[in-house]
Structures are given as C-alpha cells and as structure tokens.
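Engineer: For reference, the structure I am asking about is given below.
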Amino acid sequence: MPDVKISCAANTEDARWAAILGAEFLSVSLERGNRKKISAEKASEIAEMLPSYTGFIIEAGGYDEINKSEINSIKGDFIQVDPRDADPEDFREKISFPDKKLILDMRGRDECTDPSLWGAEYVTTGINSEFSKEILENLKRNFKMENTIVEGDLELEGIKDICGYLKPRCWSIKKAIEKSPRKIDYKKMKKYIREISLW
C-alpha cells in the first residue's frame, strides 16, 4: 500500500486534520503563482504544530526562483523543487539544504533520471484522468516507483488501479478533497486516506 501525501495545505486546521487522519506526508506551497501559496510565516506555523510522524514538505517551485533564506527559516523534513532545465551538477550546487531532504519535482515530464544523481531522495510525477495503459507503462519504465510520489486527483477506483499496477512509494492528493480552493473537506480526506491505506 502506498503512503498518502496531502498536497498544498493552506492553513493549520487542515494540516492538523491531515495528521490526525493518518497522512504520512503533508505539503505547503511557497511557489509563485500557486493558488494555494502561503507565506513563510504560515508555513513555519504549520511545520511547528505537526507531529513528528507526519513528514512536512515545502513545495518551493523552480530551482531558479527559490529564496534560500526563506526556506532555511522554515522547519521542514523535505523540500520539493522543480529542476527546470538545470543539469544535475548545477542543480546540486544551488540546491543544498543540510537539514532537509530533497524531492525532485518532475510533474509534466515523461522521463526521469535516478533522483540520487540530483541529490534527491524522492521524485514526484503527475497523472491525470486521461491516463492510458501506455502512459502507465512509460511511468513504470522511466521512474523507480519505490522512490516515486505520484500526484493525481482521480476517483478512488482509478487510484487503486494505478497503485496496483505502479506500486508507487506514495500517492499525493490535492483538488479531489477540496471544499474550496484553500479549504479541505475532511470527510473526503478521511475517505481517501482510509481507502488508500487499506490497499
């Protein structure tokens, strides 16, 4: 069974409930242009209240737009970064956070090299409702699933089918459990976490 990541929490109440309901990971967004972007102060507040068993991820956006002092001011387990067009050596040189593990954000790309080449522990990829068997085979061929977080706001049956085939490390949910753009529906979140955890 994959772990569950609740993506881009925008307030402390949603983050608290994600932890209570059993999400293994929770992220917040500091990415420019993200409709769920929050301040570094709010991210710190969420990080401080989370229990130690919930991995805290800072989704920072592109590696060329990261504010390192802002990121360093936030207590967190992971930082998720989009490498854009960087090469691994340049990326490793610019993205170095001794107290945070790195997640390579490869959503929207078909291929991925070994995340360890980039200094990353995990890699994130995405899948939408128009997935095909060919797309799944491509993901399985190009990504090491034991190190991969798959993001997709699908119905539970679709997620179950994909997880059964890909066997990813973690499944990430965002829009499927929204009550409004910046508020989570706790009943939906509970259902997703419970169902995915049982597989």
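Engineer: Helix-only mean residue ellipticity at 222 nm, the chain, DSSP H runs n ≥ 4 weighted -39,500 (n - 2.57), per residue, nearest 500. What is it?
Structural biologist: -9500 deg cm²/dmol
Engineer: Same structure again: What translational diffusion coefficient, in µm²/s and rounded to a whole number, does the Stokes-Einstein relation yield for the chain at 10 °C and a viscosity of 1.306 mPa s, taking the hydrodynamic radius as the Kirkwood radius over Cα pairs?
Structural biologist: Using the Kirkwood radius from Cα pairs, D works out to 94 µm²/s.
Engineer: Expressed as a rounded percentage, what relative contact order does the chain have, with Cα pairs under 8 Å and six or more residues apart?
Structural biologist: 23 percent
Engineer: For E24, which sequence-distant residues (separation of 5 or more, or a different chain) have an amide H within less than 5 Å of its own amide H, given hydrogens modelled in the peptide plane?
Structural biologist: V4
Engineer: Pairs K133/K183; K94/K160; K160/K187; K140/K183: which are spaced more than 30 Å apart, C-alpha to C-alpha?
Structural biologist: In this structure, K133/K183; K94/K160; K140/K183 lie more than 30 Å apart at Cα.
Engineer: Return the long-range amide H neighbours of R109 (sequence gap of 5 or more, or a different chain), with a cut-off of under 5 Å between placed amide H atoms.
Structural biologist: Long-range HN contacts for R109: G126.
Coordinate-derived values only; no laboratory data. Fair warning: this is a prediction, and the values are worked out from it, not measured in the lab.
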